[in-house]
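Student: Let me give you the structure first, and then I'll get to my questions.
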Amino acid sequence: MSLFLTVPSPAAPSSQAAPPSPASPAAASPDAGGPGVPGAGTALSLAATVTRLRAAGCVFAEEEAELLLAAAGTPDELADMVRRRAGGLPLEHVLGWAEFCGRRISVDPGVFVPRPRTEFLARHALALAGARRPGAVVLDLCCGSGAVGAVLGALLPGIELYAADVESAAVRCARRNLAAFGGTVFEGDLYAPLPGSLRGRIDVLVANAPYVPTDDIALLPPEAREHEPRVALDGGADGLDVQRRVTAKAVRWLAPGGSLLIETGERQARWTARAMEHGGLRARIVTDEETGATVVIGVRAARPADGASAVR
């Protein structure tokens, strides 16, 4: 989880979302040059939207205005979307989707918004699951919208895909995002809702568990603090409470040679790695300098002799 929300690129490719409706407010304006033809009405609508968003404190007002204009079907719909965004609702909740790894992921109000930095986690999971094909078994734990699972399902056809989350709203959202890939989404606390048939079979277990320390929740942007579920943000006193619970039982669910991947904070990574070691996994830390993302990867030994610790 990133501590800062970012704006999806208006030009991002998508294989899930339909193209923006041509019946935009600009096209309906009498000042426009005709359907789909920019004119004075387009400029005025865009300028007014930018002004309203900027006044509300939106840093990327121009980019957000373009996205809202493209998404709105009528002037009234645009006005409502701008009102909700100016009132502090995350842009992704207003649009109904977030860009993640070049895909549009459905995101409902009250569901954790996937962050761009988590794409680093998805890329490593993709590589590990790809190496275990065909028919790799993948679990997206603490899945939220199911963004990571959706990317793996789209790029690795034929994987056996599962996800789980404790939040009902997230589960409903993830089921929509994973339906096209045959994904099964369970509702419940971590491993509790999983069927026993998955024990010892999971090749790649991805967990974007909450890791913000409780006292730091107040420092998060209002968009996250006020509109995303607390359970998706609060990692306890040191931010590692949920991660410890994930790592403690992961070895029971992983297949021999299977991997657990957890996104975490740079200052917490060493402790996340040690928690994996205590859980019986070999751990290594990988970082992305460009985004500041940090992922800890733990591997279950393929043979007893492979179980030596990799982090001192």
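Student: Can you report the number of residues in the stretch 127-142 which are under 20 Å from Ala179 (Cβ atoms) and over 12 Å from the mean Cα position of the chain (by Cα)? So that I can check it myself, show each step before the final result.
Tutor: Residues of the stretch 127-142 under 20 Å from Ala179 (Cβ atoms): 129, 135-142.
Narrowing further to those that are over 12 Å from the mean Cα position of the chain (by Cα): 129, 135-139.
Counting residues in the stretch 127-142 that are under 20 Å from Ala179 (Cβ atoms) and over 12 Å from the mean Cα position of the chain (by Cα) gives 6.
Student: Inside the stretch 182-208, can you point out the residues that are open to solvent by less than 50 Å² (accessible area, probe 1.4 Å) and either of a type outside the set (A, V, I, L, M) or modelled with pLDDT under 95 (or both)? Show your work before the answer.
Tutor: First, the residues of the stretch 182-208 that are open to solvent by less than 50 Å² (accessible area, probe 1.4 Å): 183, 185-186, 188, 190-191, 193-195, 198, 200, 202-208.
Those that are open to solvent by less than 50 Å² (accessible area, probe 1.4 Å) and either of a type outside the set (A, V, I, L, M) or modelled with pLDDT under 95 (or both): Gly183, Phe186, Gly188, Tyr191, Pro193, Pro195, Gly200, Asp203, Asn208.
Student: Under 21 Å from Thr291 (Cα atoms) and either of a type in the set (S, T, N, Q) or at pLDDT below 50 (or both) - does that describe any residue in the stretch 39-57?
Tutor: Scanning the stretch 39-57, I find no residue that is under 21 Å from Thr291 (Cα atoms) and either of a type in the set (S, T, N, Q) or at pLDDT below 50 (or both), so the answer is no.
Student: Within the stretch 127-139, identify whether any single residue is open to solvent by 10 Å² or more (accessible area, probe 1.4 Å), over 25 Å from Arg245 (Cβ atoms) and without any contact (Cβ under 8 Å) to a residue 24 or more places away in the chain, and answer yes or no.
Tutor: yes
Student: Let me ask something additional. Being among the aliphatic types (A, V, I, L, M) and without any contact (Cβ under 8 Å) to a residue 40 or more places away in the chain is the filter here; which residues of the stretch 82-94 pass it?
Tutor: Matches in the stretch 82-94: Val82, Ala86, Val94.
Student: From Leu152, Leu178, Leu141, Leu156, grab the single residue that is closer than 17 Å to Ala232 by Cβ and hydrophobic (A, V, I, L, M, F, W, C).
Tutor: Of the residues listed, the single one that is closer than 17 Å to Ala232 by Cβ and hydrophobic (A, V, I, L, M, F, W, C) is Leu141.
Student: Also, quick follow-up: Could you identify the single residue in Arg123, Arg175, Arg132, Arg103 that is farther than 28 Å from Asp288 by Cα and not hydroxyl-bearing (Ser, Thr, Tyr)?
Tutor: Only one candidate qualifies: Arg175.
Student: Same structure, new question: Give the number of residues within the stretch 219-257 that are assigned to a helix (DSSP H, G or I), at pLDDT below 95 and touching a helix residue (DSSP H, G or I) at 6+ places or on another chain (Cβ under 7 Å).
Tutor: 2
Student: Then there is this: List the number of the failed condition for Leu260; all other conditions in (1) part of a helix (DSSP H, G or I); (2) surrounded by 23 or more Cβ atoms within 10 Å (Cβ to Cβ) hold.
Tutor: Only one criterion in (1) part of a helix (DSSP H, G or I); (2) surrounded by 23 or more Cβ atoms within 10 Å (Cβ to Cβ) is unmet by Leu260, namely (1).
Student: Of the residues Val299, Val295, Val251, only one is touching a residue at least 60 places away in the same chain (Cβ under 8 Å), within 25 Å of Leu156 (Cα to Cα) and among the hydrophobic types (A, V, I, L, M, F, W, C); which?
Tutor: Values: Val299 fails: touching a residue at least 60 places away in the same chain (Cβ under 8 Å); Val251 fails: touching a residue at least 60 places away in the same chain (Cβ under 8 Å).
Only one candidate qualifies: Val295.
Student: Can you tell which of Glu77, Glu63, Glu99 is modelled with pLDDT of 95 or more, out of contact with any strand residue (DSSP E or B) (no Cβ under 6 Å at 6 or more places or on another chain) and open to solvent by 50 Å² or more (accessible area, probe 1.4 Å)?
Tutor: Matching residue, one of Glu77, Glu63, Glu99: Glu63.
Student: Sticking with this one: Just to be sure I understand, how many residues within the stretch 209-250 are surrounded by fewer than 19 Cβ atoms within 10 Å (Cβ to Cβ), in contact with a Leu (Cβ under 8 Å, 6 or more places away or on another chain) and β-branched (Val, Ile, Thr)?
Tutor: Adding up the residues that qualify gives 1.
Student: Here is a list of conditions, (1) touching a Lys or Arg at 6+ places or on another chain (Cβ under 6 Å); (2) of a type in the set (Ser, Thr, Tyr); (3) over 25 Å from Gly153 (Cα atoms), and Tyr211 meets all of them except one; can you say which number that is?
Tutor: Going through the list (1) touching a Lys or Arg at 6+ places or on another chain (Cβ under 6 Å); (2) of a type in the set (Ser, Thr, Tyr); (3) over 25 Å from Gly153 (Cα atoms), Tyr211 breaks only (1).
The values are calculated or read from the model by the stated rules, or taken from the named source; none is laboratory data. On a predicted model such as this, the values are computed, not experimentally measured, just so you know. We place every Cβ from the backbone using ideal geometry, glycine too, and count neighbours over all the protein chains shown. Calculation scope for accessible area: heavy atoms of the full protein, side chains included, ligands and nucleic acids excluded. Shrake-Rupley method; radii C 1.70, N 1.55, O 1.52, S 1.80 Å.
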